[in-house]
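Peer 1: Here it is, the structure in full.
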Amino acid sequence: MAAPMSASSFLDALRDEGLTVVQVGEWRTHNRNHKGPWGPVHGVMIHHTVTKGTANTVRICRDGYASLPGPLCHGVIAKDGKVHLVGYGRANHAGLGDDDVLRAVIAEKALPADNEANTDGNRHFYGFECENLGDGKDPWPAVQLEAIEKAAAAVCRHHGWNSRSVIGHLEWQPGKIDPRGFTMTAMRERIAERLK
């Protein structure tokens, strides 16, 4: 059981991992906490945005849509490797997912197949949206992949988690494909190496 770190600790953790962080508006208090609790937190979830252009991507992830209000994550990881903080607290990123997957994340064990959507992920996961069209063709620059690795590792390091606490949206909710263009297995290997 882990309480979410403070917004200041989150910012510090990302910077301490060597990331360039852009603070967007009143990100520290921009959240969906009125819709339910945030915490206890158990892991980090990685997404792709299906958007193009950093400014546009950051705006959408901060503001959301009429049908899905923002913030849609805590941090947006841009193509250039910068992390744009758009919200802190409960965010509309994970949705409902598989309780068996959550139990595996908590236990830091291999993930089962996600075949249910019965558990509130927005309560339990930090979320990073990564700027990419998600079509399998849009490239993932090395600097962006390194930033994903660093951002996830920063959260894990703070909480004393290992790389099995980091999952992709596609491993949480049936029917999701993100992130597409790299494997979460490879990303977890990178995070594990960084946390040594």
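Peer 1: Would you check which residues across the stretch 62-80 are under 22 Å from Pro141 (Cα atoms), assigned to a loop (DSSP other than H, G, I, E, B) and open to solvent by less than 10 Å² (accessible area, probe 1.4 Å) and list them?
Peer 2: Restricting attention to the stretch 62-80, the residues satisfying the condition of being under 22 Å from Pro141 (Cα atoms) are 73-80.
With the extra rule that they be assigned to a loop (DSSP other than H, G, I, E, B), the set shrinks to 73-74, 78-80.
Within the stretch 62-80, Cys73, His74, Ala78 qualify.
Peer 1: Does Val21 satisfy the condition of being open to solvent by less than 60 Å² (accessible area, probe 1.4 Å) and under 12 Å from the mean Cα position of the chain (by Cα)? Full working, then the answer.
Peer 2: Details: open to solvent by less than 60 Å² (accessible area, probe 1.4 Å): yes; under 12 Å from the mean Cα position of the chain (by Cα): no.
No; evaluated as a whole, the condition is false for this residue.
Peer 1: Could you count how many residues in the stretch 117-143 are part of a loop (DSSP other than H, G, I, E, B), over 16 Å from the mean Cα position of the chain (by Cα) and of a type in the set (S, T, N, Q)?
Peer 2: Qualifying residue count for the region: 1.
Peer 1: Another question about this same structure. Give just the number: which of (1) open to solvent by less than 30 Å² (accessible area, probe 1.4 Å); (2) within 15 Å of Val22 (Cβ to Cβ); (3) of a type in the set (S, T, N, Q) does Ser163 not satisfy?
Peer 2: For Ser163, the exception is condition (2).
Peer 1: Looking only at the stretch 166-183, how many residues end up being surrounded by fewer than 18 Cβ atoms within 10 Å (Cβ to Cβ) and of a type outside the set (Gly, Ala, Ser)?
Peer 2: 3
Peer 1: When you go through Glu146, Glu193, Glu189 one by one, which is the residue that is charged (D, E, K, R), without any contact (Cβ under 8 Å) to a residue 24 or more places away in the chain and either assigned to a helix (DSSP H, G or I) or surrounded by fewer than 23 Cβ atoms within 10 Å (Cβ to Cβ) (or both)? Working first, answer last.
Peer 2: On the way: Glu146 fails: without any contact (Cβ under 8 Å) to a residue 24 or more places away in the chain; Glu189 fails: without any contact (Cβ under 8 Å) to a residue 24 or more places away in the chain.
Glu193 is the lone residue from the list that is charged (D, E, K, R), without any contact (Cβ under 8 Å) to a residue 24 or more places away in the chain and either assigned to a helix (DSSP H, G or I) or surrounded by fewer than 23 Cβ atoms within 10 Å (Cβ to Cβ) (or both).
Peer 1: Here is a follow-up. Does Lys137 qualify as being open to solvent by 40 Å² or more (accessible area, probe 1.4 Å), at pLDDT 95 or above, of a type in the set (D, E, K, R) and more than 23 Å from Thr29 (Cα to Cα)? Give the steps one after another, and end with the answer.
Peer 2: Numbers: open to solvent by 40 Å² or more (accessible area, probe 1.4 Å): yes; at pLDDT 95 or above: yes; of a type in the set (D, E, K, R): yes; more than 23 Å from Thr29 (Cα to Cα): yes.
When the stated conditions are applied, Lys137 passes them.
Peer 1: Just to be sure before I move on: is Gly43 open to solvent by less than 20 Å² (accessible area, probe 1.4 Å) and more than 19 Å from Gly134 (Cβ to Cβ) in the structure I sent?
Peer 2: Details: open to solvent by less than 20 Å² (accessible area, probe 1.4 Å): yes; more than 19 Å from Gly134 (Cβ to Cβ): yes.
Judged against the criteria, Gly43 is a match.
Peer 1: Also, I was wondering about something else. Any idea which of Asp100, Asp114 is assigned to a loop (DSSP other than H, G, I, E, B), open to solvent by 10 Å² or more (accessible area, probe 1.4 Å) and not polar (S, T, N, Q)?
Peer 2: Values: Asp100 fails: assigned to a loop (DSSP other than H, G, I, E, B).
It is Asp114.
The values are calculated or read from the model by the stated rules, or taken from the named source; none is laboratory data. Not measured: the values here are computed from a predicted model. In this analysis, Cβ positions are derived from the backbone assuming ideal geometry, glycine residues included, and neighbour counts consider all displayed protein chains. Side chains are part of the model used for accessible areas, which takes the heavy atoms of the whole protein and leaves out ligands, DNA and RNA. Shrake-Rupley method; radii C 1.70, N 1.55, O 1.52, S 1.80 Å.
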